[in-house]
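The next block holds one structure in the form of structure tokens; read it before the comments.
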Amino acid sequence: MSGGTALVNRPVITAWSAVSPFGIGRAAFTEGIRERRPAAAPLEEERWRAAGDRACLVPDFDLRTVLGKKGVRSMDRVTGLAVTTVARLLDDAPRNRWVATGEDAALVLGTTTGSVQSQMDFTRDSLTGEKPYLVDPARFPNAVMNCAAGQSAIWHQLKGPNTTIAGGHAAGLYALNYARRLLTFGRARTVLCGAVEEFSHARSWLESHAHQPDTEGPAQLPGEGCGLLLVEQRGPDARDGADAPDGAEQPVLAEILAVEMGIALDGGVRPALAACLRRALERAQVRPEEIWAVSTSEAPGPSGEQERAAAAEAAGGADPVHLTQAALIGDTGAAAAAFQIAGVLVHAETTPGAAGRVALVTSVDRDGAVGCALLRLAGPR
């Protein structure tokens, strides 16, 4: 199972934003990464009733405060995270809203299952409510996996393709590959592409039961958030320039050289990921020694060891910079790969000599999904 990129008309990343355990917006994420600031904090026991007593939550994230009172009464946390991140990216620069809204603006959002808390709450209410099994119908959309993407499009006038892709920790790379295909085949002019994960009572207990300490070692603290990229075809904007805002030139941050996905069977992460890496390097026409920076998903236990081994093998004899962030923001689930890409872009923005260099992002999920992306960085702006 794979997806490859063509060597012509490669898409580019022109903007990004994040709502993360560092705070709301691109600036907060950038500051947190540069300072290497751990985001873990104690949990309010009465509110969360979680499996642990600490987590990496988006600080002070209240829907009514962030989005206003209108339209948020029945909105769940994962939808609020996505809607807020789209808003932040669109508001970061006049050009972003100009190119990323309207009829040809797509949204591709990665997830694990949507909001597992909403799904469990709705199911519980249907079983325990007074006959005739009354539930709040306004909360039913939250139990559907594509609620966050749909609400984001409605809030922000994204009228092109709207897609939700479930892929666990690899969801961000699945979304990036899907976005690339939309652009390649002319289905969209621009794509807002990313992934989202919420922290909740339900997720904390599911993760606690799924964790295998004998093989995976100590559990990572859970994290949450949403990372989002603005992806376009390189070149002049296709829209009529009469209404173009000031500074409408395309601000390329990175070129997407290749995205490859695969499936690891029977725990064979290393051979599956290595095959993805070989295909990516071949399609991108990149030599192993050109890899300048590597960001792995930092999967726990043997899967993480195999992931690191495959990445080291792909880099050949080179000694790339290794970028890490799980120790700072925790296990952010489906949002992890999107945050990895954002971390790479932060590093490139502040590193002299980054222009033209190649970064490798890899991801491994416990259910067997593996993938990688190769990015050619634009460097400091």
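Which members of the stretch 285-322 meet the condition of being open to solvent by 40 Å² or more (accessible area, probe 1.4 Å) and in a strand (DSSP E or B)?
Across the stretch 285-322, the qualifying residues are Val321, His322.
Report whether or not Glu282 is farther than 30 Å from Val86 by Cα and either part of a loop (DSSP other than H, G, I, E, B) or free of Cβ contacts under 8 Å to residues at least 12 places away in the same chain (or both).
Yes: the conditions hold for Glu282.
Which pairs have Cβ atoms under 8 Å, sit 6 or more apart or on different chains, and link a residue in the stretch 196-209 that is over 17 Å from Thr123 (Cα atoms) and at pLDDT 95 or above to one that is among the polar types (S, T, N, Q) and not in a loop (DSSP other than H, G, I, E, B)?
If the second residue must be among the polar types (S, T, N, Q) and not in a loop (DSSP other than H, G, I, E, B), the pairs left are Val196/Thr85; Val196/Thr111; Glu197/Thr111; Glu198/Gln117.
Within the stretch 331-358, can you find the residues that are within 16 Å of Ala28 (Cβ to Cβ) and either crowded, with 24+ Cβ neighbours inside 10 Å or not polar (S, T, N, Q) (or both)?
Answer for the stretch 331-358, where residues must be within 16 Å of Ala28 (Cβ to Cβ) and either crowded, with 24+ Cβ neighbours inside 10 Å or not polar (S, T, N, Q) (or both): Thr332, Ala335, Ala338, Phe339, Ala342, Gly343, Leu345, Val346, Glu349.
Restricting attention to the stretch 36-65, report how many residues are open to solvent by 40 Å² or more (accessible area, probe 1.4 Å), within 24 Å of Asp121 (Cα to Cα) and touching a residue at least 40 places away in the same chain (Cβ under 8 Å).
Total meeting the criteria: 4.
Restricting to the stretch 301-340, count the residues that are within 30 Å of Ser115 (Cβ to Cβ) and in contact (Cβ under 8 Å) with a residue 40 or more places away in the chain.
The qualifying residues number 20.
What number goes with the only condition from (1) of a type outside the set (A, V, I, L, M); (2) at pLDDT below 95; (3) under 24 Å from Val358 (Cβ atoms) that Asp60 does not pass?
Every listed condition holds for Asp60 apart from (3).
Can you pull out the residues in the stretch 247-267 that are more than 30 Å from Val99 (Cα to Cα) and either in contact (Cβ under 8 Å) with a residue 24 or more places away in the chain or surrounded by 16 or more Cβ atoms within 10 Å (Cβ to Cβ) (or both)?
Gly262, Ile263, Ala264, Leu265, Gly267
So how many residues does the stretch 216-246 have that are open to solvent by less than 30 Å² (accessible area, probe 1.4 Å), at pLDDT 80 or above and under 23 Å from Glu349 (Cβ atoms)?
Qualifying residue count for the region: 9.
Select from the stretch 102-151 the residues that are of a type in the set (A, V, I, L, M, F, W, C), in contact with a strand residue (DSSP E or B) (Cβ under 7 Å, 6 or more places away or on another chain) and open to solvent by 20 Å² or more (accessible area, probe 1.4 Å) and list them in ascending order.
Scanning the stretch 102-151 gives a single hit, Met145.
Taking Val361, is it of a type outside the set (S, T, N, Q), modelled with pLDDT of 95 or more and either out of contact with any strand residue (DSSP E or B) (no Cβ under 9 Å at 6 or more places or on another chain) or closer than 24 Å to Cys56 by Cβ (or both)?
Yes; evaluated as a whole, the condition is true for this residue.
Go through the stretch 252-279 and report how many residues are of a type in the set (A, V, I, L, M), within 30 Å of Gly379 (Cα to Cα) and either part of a strand (DSSP E or B) or in contact with a Ser or Thr (Cβ under 9 Å, 6 or more places away or on another chain) (or both).
Result for the stretch 252-279: 11.
Of everything in the stretch 330-368, what is assigned to a loop (DSSP other than H, G, I, E, B), aliphatic (A, V, I, L, M) and touching a helix residue (DSSP H, G or I) at 6+ places or on another chain (Cβ under 6 Å)? Give them in sequence order.
If the condition is that a residue be assigned to a loop (DSSP other than H, G, I, E, B), aliphatic (A, V, I, L, M) and touching a helix residue (DSSP H, G or I) at 6+ places or on another chain (Cβ under 6 Å), then Ala354 is the only one that fits.
Test Ala275 against the criterion of being within 26 Å of Ile13 (Cα to Cα) and open to solvent by less than 20 Å² (accessible area, probe 1.4 Å), and give yes or no.
Criteria not met by Ala275.
Could you say which residue among Val108, Val58, Val83 is of a type outside the set (Ser, Thr, Tyr) and closer than 18 Å to Ile329 by Cα?
The conditions single out Val58.
Quick one: Ala18 ticks every box in (1) under 28 Å from Leu183 (Cβ atoms); (2) touching a residue at least 12 places away in the same chain (Cβ under 8 Å); (3) assigned to a helix (DSSP H, G or I) except a single one, so which number is it?
Checking Ala18 against (1) under 28 Å from Leu183 (Cβ atoms); (2) touching a residue at least 12 places away in the same chain (Cβ under 8 Å); (3) assigned to a helix (DSSP H, G or I), the one that fails is (3).
Give the stretch 340-358 a look and list any residue that's of a type in the set (S, T, N, Q) and at pLDDT below 95, or say none.
Selection gives Thr350, Thr351.
The values are calculated or read from the model by the stated rules, or taken from the named source; none is laboratory data. It should be emphasised that the depicted structure is a prediction, and the values quoted were computed from it without experimental measurement. All Cβ positions, glycine included, derive from the backbone under ideal geometry; neighbour counts span all protein chains shown. The accessibility values were calculated without ligands, DNA or RNA, using every heavy atom of the protein model including side chains. Shrake-Rupley method; radii C 1.70, N 1.55, O 1.52, S 1.80 Å.
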